[in-house]
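**Student:** Pasting in a structure now, in structure tokens, and then I'll have a few things to ask.
The values are calculated or read from the model by the stated rules, or taken from the named source; none is laboratory data. In this text the structure is predicted, and so the values were computed from the model without any measurement. All Cβ positions, even for glycine, are placed from backbone atoms using ideal geometry, and neighbour counts span all protein chains on display. Protein only, heavy atoms only, side chains kept; ligands, DNA and RNA dropped before computing areas. Shrake-Rupley method; radii C 1.70, N 1.55, O 1.52, S 1.80 Å.
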Amino acid sequence: QVEEKWDFVLVSDIHEVGSEKEIKRKKFLDELSKKGFTIKKIEDKKLFYGVRAPKQIFQKYQRLQRNPDSRPQNPNNNHNIPVTTRIQIVNFILQNTVTPDLEKLRDLMKKKVFETMFPLHEKEDFREFLEENWARWRTIFHRQPIEKIRCYFGEKVALYFAWLGWYTYLLGFAALAGVVVFVAGITVFSSSQVSKEICEANTTIMCPLCDQKCPFWLLSDTCTYAKVTHMIDNEGTVVFAMFMAIWATVFLELWKRQRATVVTDWDLYRWDEEEEELAMELINNLQHEPQQYQHSYLRSTIVLLLVLLMIVVQIGIAHALVIYRVIATALFTQSNLEFLREQANTMAVITGAVLHYITIVIMTKVNRHVALYLCDLEKPRTFSHRENNFTVKIFTFQFFTHFSSLIYIAFFLGRINGRPGNYVRIAGKWRLEECHPSGCITDLCIQMAIIMLLKQTISNVIEYLIPWITHKQRKKQQRPKKRSMMVWEEEEVEDPCKRQWLSNYQLNEVNVFSLFDEFLEMVIQYSFTTIFVAAFPLAPLLAFCNNLFEIRLDAIKMMRLHRRMVPRKANDIGIWLQVLEAIGILAVIGNGLVIAITSDFIPMLVYKYTYSPCVTENITGVDCSTGYINHSLSVFRIQDFEPHTKPGLAPTGLCRRYQDYRNADDYSYTVQFWHIFATRLAFLILFEHVALCVKLIAAWYVPDVPQSVMNQFLDRKHSNLRKELRWVMPQGPA
């Protein structure tokens, strides 16, 4: 017996005969029948309706989709429609079939007439191959079978995995470079002259870190912290930041070439998504009139204002995290535990990072609802336009959710807090945080490391466990109880479709955002890997390790835990490419700012070539950074503390130190401060212009489309034109 093939299954609760829901369901199924659909009903705890489209629909589609750049096809060949294309066409017709009550399937599902709809995971050769050779942990280092993924899930899913595989492959080179920079930093862990000076500064007394109960402290107490800072913040960091700016460009240019090769093999290089949608609209309804392009300046203005309002909310949350860190530092310094008092700043940074991760989880859900609402306000013409608009908005919101706190730590922490005797305070009470004398780059490194580790461990565990547990529960609930059989009874033959439909129904539901969520997760990771990578050279390594598991995790979810995703045609990764290019530019700006502002690279450079013993005393036998720490600390008179503050017991002496470039008499900025400020600005301009020029040269040097692909299209056009010309060649004399 030949197994019946069904394109889609609709699921409904069993409604009372004559009820409104039952009538609406019947009207919708009648409309499908009028279009020539075959419908099969199976009753269990739910009602299952299998639908199969008539051949004429696919013949119309083949007739309408004549691509002039594709390989020659036989117009009478109607049996070679891929399963993915069948599912896509049937899904479009189901979604756009209108009942006499002017209701579509989406409206009926909102009214609980139908519970869900899904295409079937079928026992195809492709599925068995993918389950054995792709959706297995043991194949983690194997090449992905992109062509077979395309044949089972469609081009959009295949392009996602092709992009993710290519990104992960090139991440390996970035990870290797990051590890080299990190190891080089470890080699100078104890040999850095600046670290040595801090460790030996047992007579340098620093100003208290808080107003109450905090003692004066010795600079040498922070010896280990200084060593860790200079392990991250060294000359190799500058080279690595430049390398990552070039890497981001080369990665995108090579991806464009890879994508061109792949979609050319699929005959989709010049495929037109708008034409595809118009064709399916006409197949569904010959009288259909296309929806015209519209633009409302009023609506766009409202959307823009709401987006700006949402960004202000995100920045407000970042401010709340700053306030938490300030208050937490004050509380930790007053703790009875000696460890908390000594490590108050570090503990505030760590707990602040965990709190930041929690806000990311919460705001991700809020951002999605707001972005969808704004898309509804815009009234996009087609689904693809809606998807593009949603992508830009959700990425913008997620970017500020993830990076607002990091931007504060990188560029504002320790620079807007004032000075001893005149601190900037929150609500006139709590002092803003200060940077360590070694700089704030370690705080940024800790924040990035914690967020990346939490996102990549907790998020991936949840991403796998929740679908797995849900699937097991649904399977348990739907398992039929076996009725005891009498000796003389014959066992009832079960419809083979019933078992298949039930097993597919027990899988987790997928929606239009299932693939979008995977893309968004990877693009946010790409942002972490490139924008502030100067502060955390191991970010590419963490991303590389995560992606090796992410590919197989996504494969297992799609093949075993989720219902079959509705395939969609595509010839690129869509607007995500523009988002990645924007991140590449932000990476140049971000890393330039980190080196110029967050890092101590510029102040040390200025000191070495302007104020060091090598220059002022013409000494050649010493390290040119000798004396840098003493040079970067300013003097403060204890009697100038604010009257309401109560610093701890002061040791003997008239003055104490703090990190800044200020005069000892009136606390105004010194000449060195303005010298360093000008150098920071000059370096930032130079770094960004050089990096952007290198990016442009790399983009020009690596063509978007390989010559083999261009020549293939050239030969195909030439061949088609020659064939056309044969029909008009003059005939010889009879």
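**Student:** Can you tell me which residues in the range 10-61 are farther than 25 Å from L278 by Cα, β-branched (V, I, T) and open to solvent by less than 20 Å² (accessible area, probe 1.4 Å)?
**Tutor:** Correct list: V11, I42.
**Student:** Please work out which residue is modelled with the highest pLDDT, limiting yourself to the range 247-278 and to residues that are surrounded by fewer than 20 Cβ atoms within 10 Å (Cβ to Cβ) and aromatic (F, W, Y).
**Tutor:** Among them, the one singled out is W266.
**Student:** Only residues that are over 19 Å from the mean Cα position of the chain (by Cα) and open to solvent by less than 50 Å² (accessible area, probe 1.4 Å): list them for the range 378-399, please.
**Tutor:** Of everything in the range 378-399, those that are over 19 Å from the mean Cα position of the chain (by Cα) and open to solvent by less than 50 Å² (accessible area, probe 1.4 Å) turn out to be P380, R381, T382, S384.
**Student:** Among S599, S632, S625, S612, which is free of Cβ contacts under 8 Å to residues at least 60 places away in the same chain and either buried (at least 21 other Cβ atoms within 10 Å of the Cβ) or over 20 Å from F687 (Cα atoms) (or both)?
**Tutor:** Numbers: S599 fails: free of Cβ contacts under 8 Å to residues at least 60 places away in the same chain; S632 fails: free of Cβ contacts under 8 Å to residues at least 60 places away in the same chain; S625 fails: free of Cβ contacts under 8 Å to residues at least 60 places away in the same chain.
Selected residue: S612, the only one of S599, S632, S625, S612 that is free of Cβ contacts under 8 Å to residues at least 60 places away in the same chain and either buried (at least 21 other Cβ atoms within 10 Å of the Cβ) or over 20 Å from F687 (Cα atoms) (or both).
**Student:** Also: Would the range 515-522 turn up any residue that is over 18 Å from the mean Cα position of the chain (by Cα), touching a residue at least 12 places away in the same chain (Cβ under 8 Å) and open to solvent by less than 10 Å² (accessible area, probe 1.4 Å)?
**Tutor:** No, the conditions are met nowhere in the range 515-522.
**Student:** If we keep just the residues of the range 210-238 that are touching a residue at least 24 places away in the same chain (Cβ under 8 Å) and of a type in the set (F, W, Y), which is least open to solvent (accessible area, probe 1.4 Å)?
**Tutor:** Among those that are touching a residue at least 24 places away in the same chain (Cβ under 8 Å) and of a type in the set (F, W, Y), it is F216.
**Student:** When the residues of the range 105-154 are filtered to those that are of a type in the set (D, E) and more than 16 Å from D554 (Cα to Cα), which remaining residue is most open to solvent (accessible area, probe 1.4 Å)?
**Tutor:** Only one residue fits best here, namely D125.
**Student:** Of the conditions (1) open to solvent by 70 Å² or more (accessible area, probe 1.4 Å); (2) closer than 18 Å to F240 by Cα; (3) not polar (S, T, N, Q), A698 fails just one. Which one is it?
**Tutor:** Result: A698 passes all but (1).
**Student:** Mind telling me which of the residues P420, P467 ends up being farther than 20 Å from Y225 by Cα, open to solvent by less than 30 Å² (accessible area, probe 1.4 Å) and in contact with a Phe, Trp or Tyr (Cβ under 7 Å, 6 or more places away or on another chain)?
**Tutor:** Just one listed residue meets the conditions, P420.
**Student:** Taking the condition of being of a type in the set (F, W, Y) and not in a helix (DSSP H, G or I), how many residues in the range 8-38 meet it?
**Tutor:** 2
To keep it simple, each residue is scored yes or no on (1) at pLDDT 90 or above; (2) closer than 30 Å to Y225 by Cβ.
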position	(1), (2)
Y297	no, no
V312	yes, no
G316	yes, no
T333	no, yes
A344	no, yes
G352	no, yes
R368	yes, no
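**Student:** Name every residue in the range 282-314 that is closer than 28 Å to T401 by Cα, open to solvent by less than 80 Å² (accessible area, probe 1.4 Å) and out of contact with any helix residue (DSSP H, G or I) (no Cβ under 8 Å at 6 or more places or on another chain), in order of residue number.
**Tutor:** Within the range 282-314, T301, V313 meet the criteria.
A quick yes/no check of all residues on (1) of a type in the set (G, A, S); (2) at pLDDT below 90; (3) farther than 21 Å from I89 by Cα:
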position: L10; (1), (2), (3): no, no, no
position: I14; (1), (2), (3): no, yes, yes
position: K21; (1), (2), (3): no, yes, yes
position: D30; (1), (2), (3): no, no, no
position: K46; (1), (2), (3): no, yes, yes
position: A53; (1), (2), (3): yes, no, no
position: Q56; (1), (2), (3): no, yes, no
position: Q62; (1), (2), (3): no, yes, no
position: R66; (1), (2), (3): no, yes, no
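**Student:** Quick one: I81 ticks every box in (1) modelled with pLDDT of 85 or more; (2) open to solvent by less than 50 Å² (accessible area, probe 1.4 Å) except a single one, so which number is it?
**Tutor:** (1)
**Student:** Out of everything in the range 636-658 that is open to solvent by 50 Å² or more (accessible area, probe 1.4 Å) and either of a type in the set (K, R) or at pLDDT 85 or above (or both), what residue ends up being nearest to A201 (Cα to Cα)?
**Tutor:** For the range 636-658, the residue satisfying everything is R637.
**Student:** Inside the range 181-202, can you point out the residues that are loosely packed, with under 15 Cβ neighbours inside 10 Å and either free of Cβ contacts under 8 Å to residues at least 12 places away in the same chain or in a helix (DSSP H, G or I) (or both)?
**Tutor:** Keep residues of the range 181-202 that are loosely packed, with under 15 Cβ neighbours inside 10 Å, which gives 183, 186-187, 189-191, 200, 202.
Matches in the range 181-202: V183, I186, T187, S191, E200.
**Student:** Based on this model, can you work out whether N511 counts as assigned to a loop (DSSP other than H, G, I, E, B), surrounded by fewer than 19 Cβ atoms within 10 Å (Cβ to Cβ) and at pLDDT below 90? Before you say what the answer is, go through the steps one by one.
**Tutor:** Details: assigned to a loop (DSSP other than H, G, I, E, B): yes; surrounded by fewer than 19 Cβ atoms within 10 Å (Cβ to Cβ): yes; at pLDDT below 90: yes.
So N511 fits the description; yes.
**Student:** Only one residue in I317, I327, I350, I358 is of a type outside the set (S, T, N, Q) and open to solvent by 70 Å² or more (accessible area, probe 1.4 Å), so which one is that?
**Tutor:** Of the residues listed, the single one that is of a type outside the set (S, T, N, Q) and open to solvent by 70 Å² or more (accessible area, probe 1.4 Å) is I358.
**Student:** Exactly one condition in (1) modelled with pLDDT of 90 or more; (2) out of contact with any Gly (no Cβ under 9 Å at 6 or more places or on another chain) is not met by I87; state its number.
**Tutor:** Just one mismatch for I87, condition (2).
**Student:** Looking at A162, A201, A175, can you tell me which residue is touching a Pro at 6+ places or on another chain (Cβ under 7 Å) and assigned by the TED database to the domain that holds L553? Don't jump to the end; show me each part of the working.
**Tutor:** Details: A162 fails: touching a Pro at 6+ places or on another chain (Cβ under 7 Å); A201 fails: touching a Pro at 6+ places or on another chain (Cβ under 7 Å).
The conditions single out A175.
**Student:** Quickly run through the range 119-146 and pick out the residues that are of a type outside the set (K, R), over 25 Å from L94 (Cβ atoms) and without any contact (Cβ under 8 Å) to a residue 40 or more places away in the chain.
**Tutor:** Within the range 119-146, D125, E128, F129, E132, N133, H142, P145 qualify.
**Student:** Go through the range 678-689 residue by residue and tally those that are farther than 23 Å from I246 by Cβ and buried (at least 17 other Cβ atoms within 10 Å of the Cβ).
**Tutor:** 1
**Student:** Now for a different question. For the range 423-457, what are the residues that are in contact (Cβ under 8 Å) with a residue 60 or more places away in the chain and open to solvent by 60 Å² or more (accessible area, probe 1.4 Å)? Break it down stepwise before answering.
**Tutor:** As a first pass, look at the range 423-457 and keep what is in contact (Cβ under 8 Å) with a residue 60 or more places away in the chain: 423, 426, 430-456.
Listed by number, the residues that qualify are W430, L453.
Okay, residues lined up against (1) touching a Gly at 6+ places or on another chain (Cβ under 8 Å); (2) without any contact (Cβ under 8 Å) to a residue 60 or more places away in the chain; (3) part of a loop (DSSP other than H, G, I, E, B):
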| site | (1), (2), (3) |
| --- | --- |
| T261 | no, no, no |
| A279 | no, no, no |
| T301 | no, yes, no |
| V322 | no, no, no |
| R325 | yes, no, no |
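**Student:** Continuing with the same structure: Confirm whether L432 is modelled with pLDDT of 80 or more, farther than 21 Å from A371 by Cα and of a type in the set (A, V, I, L, M, F, W, C). Write out each step before concluding.
**Tutor:** On the way: modelled with pLDDT of 80 or more: no; farther than 21 Å from A371 by Cα: yes; of a type in the set (A, V, I, L, M, F, W, C): yes.
Taking the combined requirement at face value, the residue does not satisfy it.
**Student:** Let me ask something else. May I ask you to list the residues in the range 155-180 that are aromatic (F, W, Y) and without any contact (Cβ under 8 Å) to a residue 60 or more places away in the chain?
**Tutor:** Passing the criteria: only Y169.
**Student:** Looking at A348 and the list (1) at pLDDT below 90; (2) of a type in the set (A, V, I, L, M); (3) under 30 Å from S300 (Cα atoms), which single condition is not satisfied?
**Tutor:** (3)
**Student:** State all residues of the range 386-442 that are acidic (D, E) and either part of a loop (DSSP other than H, G, I, E, B) or not assigned by the TED database to the domain that holds S195 (or both); if no residue qualifies, say none.
**Tutor:** E433, E434
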